Each structure stands twice: as structure tokens, then as C-alpha cells.
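These notes are about the structure you will find just below.
Nothing in this text is a laboratory measurement; each read-out follows from the coordinates by a stated rule. None of the values given here were measured: they were computed from a predicted structure. Backbone-built Cβ (ideal geometry, glycine too); neighbour counts: all protein chains shown.
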Amino acid sequence: MLQVLENIELRRKTTLRLGGIVPFFYDIRTEDDLMELPKLSEKIGMEIRILGGGSNLLITDESLGHANDILNFSVAQIQMSYENEEKFREVFLWQDDALAPPLAKQALLANEHGKALRAKVGAGMPIQRLLKLCADQGCTGLEGLMGIPGKIGGAVAMNAGAYLDEMDNVLESVGVYTKELGFLTLNRDEFVNTYRCFTPYYNNSPIKDYVICNASFIFPFTEREKIKEKMHTNLIAKKGTQPIKAYTAGCVFKNPIDENGVSISAGKLLDEAGFKGKELNGMRFSPIHANFLENMGHGDAHSALELIKEAEDKVLADTSIQLQREVKLWL
Ligand SMILES: Cc1cc2nc3c(=O)[nH]c(=O)nc-3n(C[C@H](O)[C@H](O)[C@H](O)COP(=O)(O)OP(=O)(O)OC[C@H]3O[C@@H](n4cnc5c(N)ncnc54)[C@H](O)[C@@H]3O)c2cc1C
């Protein structure tokens, strides 16, 4: 039975530790809850907010109106099959943390016998739990995402990525729900992934107000040790250059791309514009990496937004580059 919670404080649900009270919070925890989406969408519509891990969000501290009711995703299971003789066979279910040892053993055998693993993953599965599975199985493609917080639904919606890997590398299809179209499985020619952006299509028109329910990935196998080593290197690099222990929402801005297609570091632009370490009422651009906005514990969303706008104006005035926001604002 789908759980409806009232007056939930969103501050506790975001990595930036900002966010006011929301009237209704619909918690989708199981496959059965998912089946209640049509009934729910009839009742409240689907123009509501969808929360994943809350790691890419800047939410106002004010109380939010009904248009901001939250659909929270925690369905977290993985159905795996492995490719053998050109076919996907042998299905294993990995249900959250309750992986039964015999299944784990069988699944590991897939690596020895198969060529690739198909994993259908619930939108509520934490990204890092999928990466752990990839490391254990020897599945390659997402090693660059090591250390990125959030859930699979949010990672697909953002086409999350780092160190030259992104969700798009291994995404085979995406299961979505919309009020008008119901449940749909979108194949690769029905969505487009660009830099931190996922756009689904139906009959060649972009789909609005969709909920990502699950995603299917195809992971080629490679040596487990190589994967673990790459993940370890990426994690060390992340820890060495980003304020991963602070309250942040990851990078505030996308890295602009110049006319030759070369990526310019937004962090460097902010640094050169004098924003590294710049503070306002408990919010600051990190002294470690200027593209991360930190809540020092007593910050507020209003000041965060003011700093963001100030930085955009200064970088534009200095370089003629209009920074694009990567962080999603719920104001
Ligand atoms: C310390 C730190 C480091 C980070 N490093 C990186 C990095 O290297 N690379 C990177 O890409 N990101 C990074 N991020 C940002 C963030 O972790 C990713 O964007 C992540 O994929 C967001 O997932 P989430 O579940 O937290 O989404 P949320 O923040 O909850 O939501 C993000 C967006 O996705 C939408 N959404 C979420 N779930 C669904 C769903 N089921 N259906 C439809 N829409 C949905 C939300 O409505 C919102 O618009 C970092 C963040 C932090 C705090």
C-alpha cells in the first residue's frame, strides 16, 4: 500500500540540507506501489516533484504548495540476466540488500560463462549499490560514477557521469510512467542523452511529466580486478578534488563547451571570477572546488540563490560566457 506522509521537511532529504515543508509525500517503495501510479495520477495529476536521492537539488526553505507534492522513489531491486550464445537467459533477482548467497554465487558464474549482463534496476536503487554489483560481477561502463550519490532514477534523469563515463554508456531502455501514456518502455531510439540531460520521446515529440520507474543496462564483462582498480582511482581523484564530505548538491554549473567543442571548467571560471571560498550567510562556493556550493550548516536557500546569480553575472561580465545551471532549483 502506497505510503502517504504529510508535512515532510525536505531539508533532511537533500545532500545540500536545504528545503522547506512539503504537504504530501508519496513514497513508492515496492512494485505494487508503482501499480498505484495510474490511480494517484488521476487523483493529483503528475505535475508534481519527483525526488530521487536529493543530491542534485536546491530547494527553497519556504513551505511548498501542493504543486510541489513529492513522489519519492525507493523501489530498489535488480533483475539480472546474462548473455550466452547471443541470448539473454538465466534471471536472478537482487532485492535490495537481501541478496541470498546461493543467488549471488549463481550470478557470479554469469561472469565466467556469459558475454554481458543485462540488469533491470528499480529507480530507487542507490547508484553506488549498482556500482558495487558491477565491481563484484566484472561489469564495465560506469566506473567513472564512483562516489556519486543519488539513485538510479535521478542518475538517468540527469545522465549523470564523470571521468568520461556517463549513464548513457550502458543504458539499454528506460521504463517510464506518464498520465497520458501509462507505463512505457523506451528503447534507445526513443530517448536522447546529452550532457547531464535525458530527453524521452513519444512519436517524435518530447515527453513531459514522466516518472522513471526503472532502467535496463547492458554491461560488457571484463576482468573484475581492472574494474575495481579503475573505480578506486576515480574515487581517489574525486576525494582529492571535491568537497565530498560537505553539504553540497554536486556541481552547480555545467562546464561550458566552446565553439571548438572543447569543455571549459566552470570551476576555473568561478575561481578566476573570485568566487572560490566566497561566502554569504552560511553558504559558500567551496574553497576546495569553486563549482560546489556548500551549506556550512546554517545556510539558507535564498543566500544560495543570491550567490549563484552573482556568480553568473560576474562570469558573464568577465568572459561573455553564460553559465548553465546543473543543479535543479525547486523554488
Ligand atoms: C558530493 C557530490 C558529488 C557529485 N558528483 C557528481 C558527478 O561527478 N557527476 C554527476 O553527474 N553528478 C554528480 N553529483 C550530482 C548528483 O549526485 C547526480 O546528479 C545524481 O544523479 C542525482 O541523483 P538523485 O537521485 O539524487 O536525483 P535528485 O537530486 O533527487 O533529482 C535530480 C533530478 O532528477 C529528477 N528525478 C529524480 N528521480 C527521478 C525519477 N525516478 N523519475 C524522473 N525524474 C527523476 C528530479 O525530479 C530532479 O529534477 C554529485 C552530487 C554530490 C552531492
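What distance in nm separates the two pseudo spin-label positions at residue 5 and residue 310, each 7 Å out from Cα along the beta-carbon direction?
So the label points at residue 5 and residue 310 sit 3.4 nm apart.
How large, in Å, is the chain by the Kirkwood hydrodynamic radius built from its alpha-carbon pairs? Each step should come with its number before you reach the end.
On the way: mean 1/r = 0.0477 Å⁻¹.
One decimal place: 21.0 Å for the Kirkwood radius.
In vacuo Debye scattering of segment 121-179, one point per C-alpha: log10 I(q)/I(0) at q = 0.25, 0.27, 0.28 Å⁻¹?
-1.09, -1.27, -1.36
At most 15 other Cβ atoms within 10 Å and a DSSP loop assignment: could you name the GluC sites (Glu not before Pro) in segment 134-237 that fit? Don't skip to the end; give the middle numbers.
Working: sites: 143, 166, 172, 180, 190, 223, 225, 229; in loops: 180, 223.
Here the sparse-neighbourhood loop sites are 180, 223.
List the relative contact order of the chain as a percent without decimals, with contacts defined as Cα pairs under 8 Å and 6+ residues apart. Can you show the working numbers first?
On the way: 699 pairs, mean separation 54.5, N = 331.
Answer for the chain is 16 percent.
Rounded to the nearest 20 Debye, what is the dipole magnitude of the chain about its Cα centre when Lys and Arg each give +1 and Asp and Glu each give -1 at the C-beta? Don't skip to the answer; put the middle values down first.
Values: 37 positive and 45 negative charges, 130 e Å.
The dipole of the chain has a size of about 620 debye.
Which of 119, 135, 317 ends up with the largest GNM mean-square fluctuation for the chain, with Cα atoms connected below 10 Å?
Comparing 119, 135, 317 in the GNM, the peak value goes to 317.
Test of understanding: in a Gaussian network model of the chain with alpha carbons linked when under 10 Å, which of 224, 118, 17 would top the mean-square fluctuation ranking?
In this elastic network of the chain, the residue with the biggest mean-square fluctuation among 224, 118, 17 is 224.
Mind checking which of 248, 222, 140 has the largest fluctuation in a GNM of the chain, springs on alpha carbons under 10 Å?
Most flexible of the set in this elastic network: 222.
Tell me which residues come under 5 Å, amide H to amide H, from residue 249 once H is placed; ignore anything under 5 positions away on its chain.
Residues meeting the amide H criterion: 293.
Please give every one of the lysines within straight-line cross-link reach of residue 226, meaning a C-alpha to C-alpha distance under 23 Å, and leave out same-chain neighbours fewer than 8 residues apart.
Within reach: 105, 115, 132, 238, 239.
Roughly how big is segment 266-330's charge dipole about its Cα centre, with Cβ charges of +1 (Lys, Arg) and -1 (Asp, Glu), in debye to the nearest 20?
Working: 8 positive and 11 negative charges, 25 e Å.
Value, rounded to 20: 120 debye.
Helix 224-241: angle to the longest alpha-carbon principal axis of the chain, degrees 0 to 90, nearest 10?
10 degrees
Scan around residue 213 for amide H atoms under 5 Å from its own, H built in the peptide plane at 1.01 Å from N, and keep only partners 5 or more places away or cross-chain.
175, 176, 177
Over segment 120-222, what relative contact order in percent results from Cα pairs under 8 Å that are six or more residues apart? Each step should come with its number before you reach the end.
Details: 187 pairs, mean separation 35.3, N = 103.
For segment 120-222, the relative contact order is 34 percent.
Send over the per residue convex hull volume for segment 3-73, Cα only, as a whole number of Å³. Provide the component values of the computation, followed by the final result.
Working: hull volume 5.6 nm³, N = 71.
It is 78 Å³ per residue.
In what order do 197, 213 fall by count of nearby beta-carbon atoms within 10 Å, going from fewest to most?
Details: 197 13, 213 22.
Sorted ascending by nearby Cβ count, the order is 197, 213.
What aspartates and glutamates sit close enough to residue 39 to cross-link, taking a C-alpha to C-alpha distance under 14 Å and skipping anything fewer than 8 places away on the same chain?
Leaving aside aspartates and glutamates fewer than 8 places away in the same chain, those within reach of residue 39 are 180.
Kirkwood-based Rg over Rh for segment 140-282 (C-alpha set), two decimals?
1.01
Pairs 268/309; 208/314; 151/278; 245/309: which exceed 22 Å Cα-Cα?
208/314; 151/278; 245/309
Provide the FRET efficiency to the nearest 0.05 for the residue 296-residue 203 pair, computing r from the beta carbons and using R0 = 41 Å. Before the final figure, lay out the partial values.
On the way: r = 48 Å, r/R0 = 1.17.
That pair, residue 296 with residue 203, gives E of 0.30.
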